[in-house]
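A short reminder: the numbers here are calculations on the coordinates, not readings from a lab. These numbers were taken from a predicted model, which means no experiment stands behind them. Because the Cβ atoms are built from the backbone with ideal geometry, glycine has one as well, and the counts that use them run over all protein chains shown.
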């Protein structure tokens, strides 16, 4: 094993992070090679800097006019130079400030400086590189983002251990979550879970009381001697539309909760700041009892993953985001967009209240995010999707054979009635055909 990896492992020795790391996570380190030498030269090379593989002229990176004209708000360095492996330092610091502002429970709690990753998908994948062994179980609800299967099962050889997301009363199934997590933890002495709120595909966020139940369940499992990695997938963070819903990340509630619970937060501007194609995300860690040396070791291991996978995240995205976060009035702009989404959510609620779906469709609980979903009963979701697409020109998503996801985020409020009326009519027609 590389001596640098051994040094990082010694820094984490005796912690839950040490016990949770996979074999590849144990081996990972950030090399003191070209990048480290270039960083040192940037600080001290006052005559010539012949370290980094970029072309300079007049002390600035060369930029084609055809490129420069498209990025008038960025300097030459911001537009085309490499970003540091962990991300632009000013952006990392600003995002950490934003996390505290958006999650008041994080105030006075210690957590790592966020590392920039090329999108939330990469964040989940990099965590898998650090913590998942082939055969490990990752606990998720039965209604989960399909890309988890590709990332965790197909790429990493893990197994998704599911529990019914909703209890009979329509609330989050805390008991089922705890039972599944405890069973997997007993088998290996460690367990991993992802909590995605607002949830994709259901558009559900737990209430504050449900969130307290989730945290209590995690603490009970940890108290039984199980080390836990709890990943908060906050892709749709902040898009709650009901007052009773938890408005903070579960990460904030877990940050200093238990020495056996390592919390990881994967988030980013994709939905929060309406920049879907930016492919930028952030990854942060928190655990009770962790000092800066622990976080530095984890971050350096993560930097090793980033360096070995993509080298670094794109610089222009980071600088544009940083400048946007520092622009006066940006929060008001975001609130205005959230208001539009909430209006669409309210329109869906109103339509469904006045026009209940046919018996073959059951509306799953939803209160946030971009989506809502139906459970198809007695009809096939994929057949319904194709019927809507081929006969009505309406696009929806079928999932797991029995669920239909509808993204109300992309539909004008005034068109909600027409859309949902067509869905109900097509489903009823399928059900009648099956009865014949």
| query | To the nearest whole percent, what portion of all C-alpha pairs in segment 275-371 is separated by more than 23 angstrom? | reply | 58
| Hydrodynamic radius (Kirkwood) for the chain, which is based on Cα pairs only, to one decimal in Å | 23.5
| query | Remind me, relative contact order of segment 350-436 in percent, using alpha carbon pairs under 8 angstrom and six or more residues apart? | reply | 31
| Length-normalised contact order of the chain in % [C-alpha pairs under 8 Å, at least 6 apart] | 18
| query | So for the pair residue 410, residue 209, with labels modelled 7 Å out along Cα→Cβ, what separation do we get in nm? | reply | 3.7
| remark: Taking only C-alpha positions in segment 45-112, Rg and Dmax in angstrom work out to 17.3, 48
| field | Helix 89-102 axis, angle to the chain major axis (alpha carbon atoms, nearest 10°) | value | 40
| To the nearest 10 degrees, how steep is helix 330-354 against the longest Cα principal axis of the chain, on a 0 to 90 scale? | 20
| Given Cα pairs under 8 Å that are at least 6 residues apart, what percent is the relative contact order of segment 216-293? | 32
| said: Taking only the Cα atoms of segment 1-156, how large is their convex hull per residue, in Å³? | reply: 211
| query | Cα convex hull of segment 182-279: how many Å³ per residue? | reply | 107
| Mind ordering 368-376, 127-135 by average Cβ neighbours within 10 Å, highest first? | 368-376, 127-135
| query | Taking Cα atoms, how many degrees apart are the long axis of helix 315-325 and the longest axis of the chain, rounded to 10 and kept between 0 and 90? | reply | 70
| note | With -39,500 (n - 2.57) per DSSP H segment of 4 or more residues and division by the full residue count of the chain, the 222 nm estimate, nearest 500 deg cm²/dmol, is -13000 deg cm²/dmol
| Beta bridge orientation in the chain: antiparallel %, DSSP, nearest 5 | 55
| task | Could you give me the percent of Cα pairs per 5 Å distance bin for segment 331-435, shortest bin first, beginning at zero and ending with the bin that holds the maximum distance? | result | 2, 13, 24, 25, 18, 9, 5, 3, 1, 0, 0
| task | Please identify, among 23, 161, 55, the residue showing maximal mean-square fluctuation in a Gaussian network model of the chain using a 10 angstrom Cα cutoff. | result | 55
| said: Ranking request for peptides 398-404, 80-86, 348-354, 301-307: highest mean number of other beta-carbon atoms within 10 Å first, then the rest in descending order. | reply: 301-307, 80-86, 398-404, 348-354
| What is the Cα centroid distance between segment 380-436 and segment 189-210, reported in whole angstrom? | 26
| field | Segment residue 334-residue 62, extension gain: residue separation times 0.36 nm, minus the distance between their alpha carbons | value | 94.4 nm
| request: Report the semi-axes of the equivalent ellipsoid for segment 340-389 in whole Å, largest first, where each axis is √(5λ) for an eigenvalue λ of the Cα gyration tensor. | output: 22, 13, 10
